[in-house]
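Here, each number is a calculation from the coordinates, and none is a lab measurement. The structure displayed is predicted, hence computed values, not measured ones. Quick reminder, even Gly has a Cβ in these numbers, built from the backbone with ideal geometry, and neighbours come from all protein chains shown.
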Amino acid sequence: MIITLTPNPSLDRTIELSGPLARGEVQRAGSSREEPGGKGVNIVRALEASGVPSLAILPGDDRDPVLVALRAAGVPHRGMPIGATIRSNIALTEIDGTTTKINVPGPVLSAAQQHDLIELVMEKAEGAAWLVLAGSLPPGVPVDFYAAITRELRSRFGRNAPLVAVDSSGAPLAAAVAAGPDLIKPNAEELAELTGIPDPDSLEGDPVLVARAAERLVATGVRAVLATLGSKGAVLVTADGAWLAQTPPIVARSTVGAGDSSLAGYLLSSIAGDSAPDSLRQAAAHGAAAASLPGSTVPALSQTRPDDVTLTLLHTHPKEDVQ
Ligand SMILES: O=P(O)(O)OC[C@@]1(O)O[C@H](CO)[C@@H](O)[C@@H]1O
């Protein structure tokens with residue numbers, strides 16, 4: 001069982017433009033779609049599509065459009081009433097797949113609601129293989145929320161605690177890293193921010209640099225770093241090595257949720273007992289399949305092509321050079 005917690009879920013509205021985005025002008029959209037979202041929600045949508053037992057935990061009232069959509073789609077979830085509407089995020093996709101995303105803050109979670117949410121996670125986490133802590137934190141939630149959950153989980157369940165994956169950004173991710181999660185899934189920008197590299201673009205184009213930055217995090221106690229690099233592929237770093245996975249070029253339609261699908265691919269492969277590089281291969285295949293689908297549509301395992309992924313063992317540099 002894989003549990004995800006999305007403290008700041010969203011209703012994702014994707015507007016598909018039939019030409020390039022023109023700032024300051026009225027544009028007629030080709031089409032638009034709405035999907036229940038937030039990173040942990042997308043991960044469970046992807047796992048569910050492949051028949052992997054999973055549960056999305058999120059704050060949200062039963063009649064909220066996000067929960068209604070999850071129910072209608074048969075996505076396993078558990079909402080916690082908050083008496084406020086879940087935020088709506090907007091994505092504008094252009095014909096070449098360029099995606100502009102606008103995310104809003106979301107409703108405040110009070111201290112009592114945060115406490116209840118943590119208790120719900122603890123209740124559902126018993127016996128789970130993974131707990132994924134996913135996305136931004138809503139207003140009112142302290143930046144060490146994910147770190148505190150990781151520590152609480154390990155103190156309550158000891159050696160039986162689920163493995164913890166964190167897919168977030170900024171201060172919540174930095175705080176979570178200090179708690180030594182089993183896996184983090186940064187993109188180039190998040191990895192650059194975490195490791196103090198001023199230019200994220202330099203990372204995206206250079207998998208060896210990505211691996212070196214990730215090695216620094218592994219040296220501080222993160223068990224594995226899965227760095228997703230968009231069309232450049234994905235890099236996995238563990239204490240045992242560093243690998244690059246690259247997919248053949250795809251026609252991208254929307255990159256929203258592609259990273260979430262990558263993480264779902266990694267997790268489903270890993271719980272099936274695959275090796276770390278093979279799990280990376282599945283992550284890359286899932287990410288590419290997701291980017292070729294509209295909106296935040298997630299692929300099923302059968303829609304992915306792991307055999308087309310090229311895996312390369314990255315030789316970075318001797319351990320003593322790690323700074
Ligand atoms: O604002 P956050 O929590 O960082 O990200 C939210 C979000 O952009 O993440 C998903 C894509 O990864 C979308 O479903 C959702 O709108």
Mean projected area in nm² (Cα convex hull; one quarter of hull surface) for the stretch 2-313
15.3 nm²
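Of all beta bridges DSSP finds with both residues in the chain, what is the antiparallel percent, to the nearest 5? Numbers along the way, then the final one.
Values: 26 of 53 bridges.
The antiparallel proportion sits near 50 percent.
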Debye-sum result for the stretch 112-159 in log10 I(q)/I(0), which assumes one identical scatterer on each alpha carbon, at q = 0.17, 0.23 Å⁻¹
-0.50, -0.91
Expressed as a whole-number percentage, the relative contact order of the chain with C-alpha contacts under 8 angstrom and at least six residues apart is 16 percent
When you count, for each residue, the other Cβ atoms within 10 Å and take the mean per peptide, how do 53-66, 281-294 rank with the highest first?
281-294, 53-66
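Count the DSSP beta bridges whose two residues both fall in the stretch 28-181, then state the antiparallel fraction as a percent rounded to the nearest 5. Provide the component values of the computation, followed by the final result.
Working: 4 of 13 bridges.
Approximately 30 percent, going by the DSSP bridge assignments.
Report the Stokes-Einstein translational diffusion coefficient (µm² s⁻¹, integer) for the stretch 78-185, Rh taken as the Kirkwood radius over Cα pairs, at 25 °C with viscosity 0.890 mPa s. Before the final figure, lay out the partial values.
Values: Rh = 15.3 Å.
So the translational diffusion coefficient is about 160 µm²/s.
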Hey, if you put +1 on the Cβ of every Lys and Arg and -1 on every Asp and Glu Cβ in the chain, which of Gly287, Ser88, Leu55 ends up farthest toward the positive end of that dipole?
Leu55
Calculate one ³J(HN,Hα) per residue across the stretch 180-190 by plugging θ = phi - 60° into the Karplus curve 6.51 cos²θ - 1.76 cosθ + 1.60, and present them in order as whole Hz with x for glycine and proline.
x, x, 7, 8, 10, 10, x, 8, 4, 5, 5
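Quick one: length gained pulling Asp307 to Ser231 fully straight, 0.36 nm per residue minus the C-alpha distance? Write down the numbers at each step before the final one.
Numbers: separation 76, 0.36 × 76 = 27.36 nm, distance 1.72 nm.
Roughly 25.6 nm would be gained on extension.
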Quick calc, the stretch 2-313, dipole around Cα centre from Cβ unit charges on Lys, Arg (+) and Asp, Glu (-), nearest 20 debye, gives 320 debye
